[in-house]
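Working notes, structure below.
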Amino acid sequence: MNNPLLRHMVATTAYRLEKVCDHAPPLFGTFTVGLKTRNPQAIVNHMAHVIRATRVFLAEERSDSTDWDARPWDEELARFTEELGLLDGVLAEKEFSMESSKRLIQGPLSDVLTHVGQLAMLCGLAGAPIPAEDYSAASVQTGVVTD
């Protein structure tokens, strides 16, 4: 298997986002804590864009003019999950050097995981905190980005 650590990080991101989605209250996508902060829909939109740009770059694909306008919460989540799965496919097919892997971890993969943490915090602020869990013992499976 190519890039097992990178692919495990992708699966970990999906697992942690699933925890947020499982506890998100109704209308969570539009929840806001201030005028100059992103709401959850905008955060997930950004996350999908980051993952898509990373995938297009790694796969050496030509970028199309995909519409990145805001969509409803469920559609943003679906778009992100689709992009995450496509990225996992690229990581499974191509081998990346240690230097490239480090850059992927410290750049887009950490960025997206940070945003999942923001979503978890917003979920708590919206009255639906994420229950504590020992994530080091979680059943994260490499190659799985949906439940």
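Rule-based calculations on the coordinates, nothing more; no lab input. Quick caveat, the model's predicted, so the values are computed rather than measured. Methodologically, a virtual Cβ is constructed for each residue, glycine included, from the backbone with ideal geometry; neighbour enumeration extends over all protein chains shown.
Values as computed for the structure displayed
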{"read-out": "Residue of Lys94, Lys102, Lys36 that the Gaussian network model of the chain assigns the largest fluctuation, springs spanning Cα pairs under 10 Å", "value": "Lys36"}
{"read-out": "Between 0 and 90°, nearest 10: helix 110-125 axis offset from the chain longest Cα axis", "value": "10 degrees"}
{"read-out": "Alpha carbon centroid spacing (whole Å) that separates segment 126-147 from segment 1-24", "value": "8 Å"}
{"read-out": "Approximate shape of the chain as ellipsoid semi-axes (Cα gyration tensor, √5λ), whole Å, largest first", "value": "26, 19, 12"}
{"read-out": "Gain in span if fully extended, Leu5 to Ala59, counting 0.36 nm per residue against the direct Cα distance", "value": "17.6 nm"}
{"read-out": "Nearest-0.05 FRET efficiency for Ser110 and Thr32, computed from C-beta distance (R0 35 Å)", "value": "0.90"}
{"read-out": "Rel. contact order, % - alpha carbon contacts under 8 angstrom, at least six apart, the chain", "value": "46 percent"}
{"read-out": "Glu95 versus Glu133: modelled label distance in nm, points set 7 Å from Cα along the beta carbon direction", "value": "3.4 nm"}
